[in-house]
Amino acid sequence: MLGNVEDIKDYHKKVMLPKLEKAWTNSNLMRDLFECEKSKLSIKYGRYCINTERSSSIIAENLQFFSLLQTTRGLQLRVDAQLIKPVQRITRYHMFLSGLAKASADLANDEASADYSAALDAILAVADHTNTMMWVGKMEGCPIRLCSQGHLLKHGKVLSRKVDGNLAVPSSSVLISLYRNAHNQIVGIWPCHILLFQQAVVLCRIGDHTENLNLQYVKHVWRVKKRIGKII
């Protein structure tokens, strides 16, 4: 339920905090810090965020227990409210760097403003990735643990062929076109979304209605070893 929260805590304590303490008076060091740590921040927070939906489900199923735990321990917040705090750190970095960039610009320190803006761009990329991972974590009908598939390397829209029902795309999915192939099989072209993890490729579709844009599982392939080209 807690995901990799201990790993995130140790990472900030042993890596981010010491580097921030060295960089707080040097805009160039601050820029280097966030640009160099962008990849690790994305991986660690991405793994945490993809597990958020699972954590929420566990809490919802045991709500009475966690409410009682809050009361007996005298906690200000219930565990579900506490679990969102690691993600809020990314927002605080955003506000922190945005404020530094603005203050430097107001003081006509263009070099420092450019450094802080570059650091801000790095943390915005991390925030965008964590939002994507939260969205992926809400996938409906997925039989595999997405948080165990490694880093999300790439994702995007694709068109998938359905030959005589071999690809189990739900009937409510939007059909692009139909044609018969050389074997006289009926082939359907369907809009899908593909997710390339380190350990698996997952094919999904997106809900047809504007109120439901969650990913809906279609199929997956394990242990990707071949190099995969550009995703459309």
Distance between the C-alpha centers of region 1-65 and region 117-161? Whole Å please. 15
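Which chymotrypsin sites (Phe, Trp or Tyr not before Pro) from region 5-61 combine a DSSP loop assignment with at most 15 other Cβ atoms within 10 Å?
Working: sites: 11, 24, 34, 45, 48; in loops: 24.
The qualifying sites are 24.
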With each label point set 7 Å from Cα along the Cα-Cβ vector, what nm distance links residue 92 and residue 61? 3.2
So which lysines can residue 219 reach, going by Cα to Cα under 25 Å and dropping same-chain residues fewer than 8 places off? 138, 154, 157, 162, 230
Region 1-97: which trypsin sites (Lys or Arg not before Pro) are DSSP loop and have at most 15 other beta-carbon atoms within 10 angstrom? 78
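Coordinate-derived values only; no laboratory data. Remember, it's a predicted structure, so these values are computed and weren't measured experimentally. Virtual Cβ from ideal backbone geometry, glycine too; neighbours counted across all protein chains shown.
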